[in-house]
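Novice: Encoded as structure tokens, here's the structure I'll be asking about.
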Amino acid sequence: MDKEMKGILYGVGVGPGDPELLSLKAVRVIRESGVIAVPGKTPAETYAYEIALKAVPEMDSKILLPLEWAMTKDKEKLDAVYRRAADAIEEKLREGQSVAFLTIGDVSVYSTFIYVMKLVREDGYRVEMVPGITSFSAAASRLGVSLTEHQEMLHVVPVNYGDVADLPGTMVLMKPGRDLREIKRSVIAAGRTAVMIEKCGLPEEKVYRSLEEMPDEAEYLSTVILFDRDDPVR
């Protein structure tokens, strides 16, 4: 089939949780795509799908493409998962159908889509990325605080980066995991201020405005922000 006749793979960032935070472009792309791809055996039960469905109710009549995923750090297993996901998507693209791959937050920040995108693009298919609002941008807005001021630096790091309090400026800790005790100890030792939001923009949202309020375990979809400034959250 001629490349111009193939479908397009779209990586669509659906934001952190509030369906009103989806961009107009994200809504349009979802509406115009015949296939909705989401990692997981049951896509309709994922956060990304639930968020997008509230903004695009007609999405429930589209073809859902479940993509097998694996919670592992084994590179060989992950590579195999990405390859199978890419193959499943490419089958739809060859049929001339465009595929919207939904991902929480922004499609370029620690997104599951990126790994599949590289394979699909290498195989000669057209791929486009639709940005979404990040969890830390939404969290800062929810808390009414700036992430950066004057010459402050902003660092976005996975929580297993190392010492979470060793960089100047503001630090965003992505995917902190369940155990927050070590993070809290490091922040206290460094004399920094920390806040955390769980499931920002969702009905189950929880806001922790200080270390004292933060639990020892974090739920999924939690974002921790460390500040050098005193009392950044009012």
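The values are calculated or read from the model by the stated rules, or taken from the named source; none is laboratory data. Remember, it's a predicted structure, so these values are computed and weren't measured experimentally. Counting neighbours? That spans all protein chains shown, and the Cβs are built from the backbone with ideal geometry, glycine included.
Novice: Pairs please, first residue from region 64-83 and at pLDDT below 90, second anywhere and in a helix (DSSP H, G or I) and β-branched (V, I, T), Cβ atoms under 9 Å, 6+ apart in sequence or on different chains.
Specialist: Between residues of region 64-83 that are at pLDDT below 90 and residues that are in a helix (DSSP H, G or I) and β-branched (V, I, T), the close pairs are E68/V81; W69/V81; A70/V81; T72/V81.
Novice: I've got another one for you. Are there any strands (runs of 3 or more DSSP E) wholly within region 85-198 with 3 or more residues that are aliphatic (A, V, I, L, M) and free of Cβ contacts under 8 Å to residues at least 60 places away in the same chain, and if so which?
Specialist: Once the strands (runs of 3 or more DSSP E) in region 85-198 are filtered for at least 3 residues that are aliphatic (A, V, I, L, M) and free of Cβ contacts under 8 Å to residues at least 60 places away in the same chain, what remains is 154-158, 170-174, 193-198.
Novice: A further question on this structure: Looking only at region 1-23, how many residues end up being assigned to a helix (DSSP H, G or I) and more than 18 Å from the chain's Cα centre (by Cα)? Show your work before the answer.
Specialist: Just the residues of region 1-23 that are assigned to a helix (DSSP H, G or I), to begin with: 3-5, 19-21.
Checking which are more than 18 Å from the chain's Cα centre (by Cα) leaves us with 3-5.
Here the count works out to 3.
Novice: Within region 190-219, how many residues are modelled with pLDDT of 80 or more and farther than 25 Å from L21 by Cα?
Specialist: Looking only at that region, the number is 10.
Novice: Another question, if that's okay. Among A44, A86, which is the only one that is surrounded by 13 or more Cβ atoms within 10 Å (Cβ to Cβ) and farther than 28 Å from F136 by Cα?
Specialist: Numbers: A44 fails: farther than 28 Å from F136 by Cα.
Result of the check over A44, A86: A86.
Novice: Considering (1) at pLDDT 90 or above; (2) assigned to a helix (DSSP H, G or I), say which one A37 fails and leave the rest.
Specialist: Result: A37 fails condition (2) only.
Novice: Which condition does V145 not pass, out of (1) at pLDDT below 85; (2) in contact with a Pro (Cβ under 7 Å, 6 or more places away or on another chain), if it passes all the others?
Specialist: Status for V145: all satisfied but (1).
Novice: Going through region 68-84 one residue at a time, which ones are of a type in the set (A, V, I, L, M, F, W, C) and part of a loop (DSSP other than H, G, I, E, B)?
Specialist: If the condition is that a residue be of a type in the set (A, V, I, L, M, F, W, C) and part of a loop (DSSP other than H, G, I, E, B), then W69, A70, M71 are the ones that fit.
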